[in-house]
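Beneath this line is the structure, given in structure tokens, with notes to follow.
Nothing in this text is a laboratory measurement; each read-out follows from the coordinates by a stated rule. Just so we're clear, the structure is a prediction, and the values are computed from it rather than from any experiment. Neighbour counts are summed over all protein chains in view; Cβ atoms, including those assigned to glycine, are modelled from backbone coordinates with ideal geometry.
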Amino acid sequence: MSLTGKTATELLQLQQQGDVTAVELTQAYLDRVQKYDSQVQAYLGVDTAGALQAADEVDRKRKAGESLGLLAGLPIAIKDNLCVKGWNATCSSRMLHNFQSPYNAHVIERLNSEDAILLGRTNLDEFAMGSSCENSAFQKTFNPWNLETAPGGSSGGSAAAVAAEMAVVSLGSDTGGSIRQPASFCGIVGLKPTYGRVSRYGLIAFASSLDQIGPFAHNMTDAALLFQTISGHDGRDSTSVDAPVPDVLSTLEQPLSGLRVGVVPEHFSEGLHTEVADAVRNAIDVYRQLGATITEIELPHTRYGVAAYYVIAPCEASSNLARYDGVHYGHRAENFGNLVEMYEASRGEGFGDEVKRRIMVGTYALSSGYYDAYYLKAMKVRRKIAADYATAFHNVDVILTPTTPTPAFRLGDLVSDPLQMYLNDIYTIGANLAGLPGISLPCGMSSDGLPIGLQLLAPAFEEERLLRAARMFEKETDWHLKRPVLE
Amino acid sequence: MQLSLSDVQKVAKLSRLKLSDEEQARYVDQIGQILNYVELLNEVDTDGIEPMAHAAELTNVFRDDVRKESLERSDALSNAPKSDGKYFLVPQILEGA
């Protein structure tokens with residue numbers, strides 16, 4: 001097997017044994033990006049010189065016998081809404097097309113201090129708003145399993161980069177499913193941690209009460225490794241929670257005895273693709289055979305999740321994106337009259353269609369006379385949704401669902417129908433509204449050869465349970481070993 | 001919920017977004033559809049329910065009022081569309097100034 005086909009754990013070991021250097025490894029990934037990214041278009045920018053220099057430093061430290069971090073020499077891709085000092089951070093928006101980060105995000109500091117190699121910036125839906133990467137102002141990204149289908153979104157570039165072996169692991173962000181949905185479409189693992197587990201310092205804000213950074217990987221061990229390194233308290237994000245980070249790597253291989261798995265019968269009714277339903281039912285059987293108890297649960301307010309989300313997220317976005325005024329950074333229009341017209345022209349030119357639409361929805365829902373009917377109502381429904389999960393977790397340890405209603409859809413199919421695009425998030429949104437950790441892992445393939453994802457949810461701060469439960473399934477199956485073939 | 005063209009224009013003004021005629025027409029339909037869909041929320045009885053603004057529901061987090069390092073002025077200005085090296089420059093806003 002080629003170097004880029006290996007897992008992070010294997011690559012760490014190969015380096016420790018002296019079988020490969022960090023520079024050789026980084027070059028192998030850079031070569032693969034060079035060879036295949038013209039087809040996949042996962043990357044917006046690749047930092048060849050910076051990556052090789054960082055790899056050289058890892059090799060020097062190793063040779064000198066200095067201590068090395070947990071991610072030493074691992075080539076990692078970064079969603080382009082995370083600030084890396086000296087790199088552009090565009091959010092795939094014309095608004096930020098020339099923005100250069102003057103500082104590092106917390107997660108980037110963590111990666112640097114663990115000696116990771118930052119390969120480059122990956123494509124996303126503009127400001128992380130979308131489910132296909134088609135809302136990027138710069139390029140489409142193509143699903144490596146079938147280049148006519150979407151990689152998912154918004155973190156589609158980070159998912160496609162890992163699936164196509166153009167990075168060993170990557171970082172994304174998840175506001176309504178933006179890690180789990182692309183992980184599902186691309187046949188890899190994607191973890192959204194508990195809200196507050198990972199500092200959002202240096203993550204360009206979309207909807208601050210929902211956004212959370214998390215890892216993509218080929219398997220559970222690699223996802224656990226990256227999760228563990230980026231988690232923990234950071235005073236620069238006032239919503240970062242000061243709770244101990246469990247040593248998820250040391251317990252990952254221990255199965256959970258007496259595991260109680262909750263399933264929601266309504267999830268298998270209308271709108272669910274039959275092959276997805278079959279794959280998820282098979283996954284339930286795997287857990288049953290492992291001795292888990294399968295319990296039917298009710299989440300009666302699930303069906304209101306998308307509606308609550310598409311009020312709350314646009315409201316928060318309309319407020320967060322008010323900072324783009326053409327004054328401090330970002331695009332400024334050339335032609336305008338007074339100051340207000342400068343704002344209007346700069347924002348009208350800088351933002352794309354979906355971003356404008358959401359700013360408009362949010363502004364409308366927050367405007368005088370509508371606040372109670374929309375925003376306040378949605379926040380009340382949010383509490384009922386969160387309460388449903390709390391009740392369910394009295395009786396079960398994890399909740400099992402499909403990640404998405406269908407396998408990857410064809411590029412272009414949903415572009416003109418924003419509401420239909422939003423309904424892609426139906427299974428993932430609840431975890432964001434309630435602040436729960438969720439993971440998507442490969443659990444099957446459609447007859448068209450497209451990956452199918454299984455989602456597991458756990459109570460807040462129970463990532464250790466979540467990862468162990470997911471690992472139990474992974475150990476019994478080989479879906480996570482399947483890789484797309486690129487010509 | 002039927003949205004009118006003037007509703008869209010008003011919201012665009014509040015949002016500080018300059019929209020083309022074509023965009024305005026499209027948003028009348030699309031935003032109207034989205035608002036119609038979220039009407040679904042009215043099915044839920046929320047009497048006496050506290051709104052949930054945040055997933056973590058932390059109380060205020062304070063830090064000591066001490067000076068810390070911050071961005072250098074040159075770094076803070078480095079992405080400004082217009083600056084004179086000391087300040088962000090904006091169009092004149094006071095007449096006769």
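Quick one: would you say A:His301 is away from every other protein chain (no Cβ under 11 Å) and within 26 Å of the chain's Cα centre (by Cα)?
No; evaluated as a whole, the condition is false for this residue.
Which number in (1) closer than 27 Å to B:His54 by Cβ; (2) part of a loop (DSSP other than H, G, I, E, B) marks the one condition that A:Tyr364 misses?
(2)
Return the residues of segment A:361-377 that are in contact (Cβ under 8 Å) with a residue 24 or more places away in the chain, of a type in the set (A, V, I, L, M) and over 14 Å from A:Ala207 (Cα atoms); say none if nothing qualifies.
Hits for segment A:361-377 are A:Ala365, A:Leu366.
If you scan segment A:397-420, which residues turn out to be free of Cβ contacts under 8 Å to residues at least 40 places away in the same chain and either buried (at least 22 other Cβ atoms within 10 Å of the Cβ) or aliphatic (A, V, I, L, M) (or both)?
Correct list: A:Leu419 only.
Within 30 Å of A:Pro442 (Cα to Cα), hydroxyl-bearing (Ser, Thr, Tyr) and surrounded by fewer than 18 Cβ atoms within 10 Å (Cβ to Cβ) - does that describe any residue in segment A:376-396?
Yes; the residues of segment A:376-396 include at least one that is within 30 Å of A:Pro442 (Cα to Cα), hydroxyl-bearing (Ser, Thr, Tyr) and surrounded by fewer than 18 Cβ atoms within 10 Å (Cβ to Cβ).
Taking segment A:206-230 as the search range and keeping residues that are within 14 Å of chain B (Cβ to nearest Cβ) and in a loop (DSSP other than H, G, I, E, B), which one is nearest to B:Lys68 (Cα to Cα)?
Only one residue fits best here, namely A:Ser208.
Does at least one position in segment A:157-167 carry a residue that is among the hydroxyl-bearing types (Ser, Thr, Tyr) and either surrounded by 24 or more Cβ atoms within 10 Å (Cβ to Cβ) or at positive phi (or both)?
The answer is yes, given that some residue of segment A:157-167 is among the hydroxyl-bearing types (Ser, Thr, Tyr) and either surrounded by 24 or more Cβ atoms within 10 Å (Cβ to Cβ) or at positive phi (or both).
Tell me, which strands (runs of 3 or more DSSP E) wholly within segment A:43-126 include 2 or more residues that are touching a residue at least 40 places away in the same chain (Cβ under 8 Å) and surrounded by fewer than 17 Cβ atoms within 10 Å (Cβ to Cβ)?
In segment A:43-126, there are no strands (runs of 3 or more DSSP E) which contain 2 or more residues that are touching a residue at least 40 places away in the same chain (Cβ under 8 Å) and surrounded by fewer than 17 Cβ atoms within 10 Å (Cβ to Cβ).
Within segment B:73-92, is even one residue out of contact with any Ser or Thr (no Cβ under 7 Å at 6 or more places or on another chain), at the interface with chain A (Cβ under 7 Å from one of its Cβ atoms), more than 30 Å from A:Asn104 (Cα to Cα) and without any contact (Cβ under 8 Å) to a residue 24 or more places away in the chain?
Yes, because at least one residue in segment B:73-92 is out of contact with any Ser or Thr (no Cβ under 7 Å at 6 or more places or on another chain), at the interface with chain A (Cβ under 7 Å from one of its Cβ atoms), more than 30 Å from A:Asn104 (Cα to Cα) and without any contact (Cβ under 8 Å) to a residue 24 or more places away in the chain.
Only residues in segment B:14-27 that are at positive phi count as the first member; pair them with residues that are surrounded by fewer than 16 Cβ atoms within 10 Å (Cβ to Cβ), Cβ under 8 angstrom, at least 6 apart or cross-chain, and list the lot.
B:Arg16/A:Ala322; B:Arg16/A:Val340
Considering each residue of segment A:322-353, count those that are under 13 Å from B:Arg16 (Cα atoms), among the acidic types (Asp, Glu), free of Cβ contacts under 8 Å to residues at least 40 places away in the same chain and more than 7 Å from chain B (Cβ to nearest Cβ), and give that number.
2
Exactly one condition in (1) assigned to a helix (DSSP H, G or I); (2) under 27 Å from A:Tyr195 (Cβ atoms) is not met by B:Glu39; state its number.
(2)
Can you pull out every residue in segment B:17-65 that is more than 8 Å from every other protein chain (Cβ to nearest Cβ) and basic (Lys, Arg)?
The answer is B:Arg26, and nothing else.
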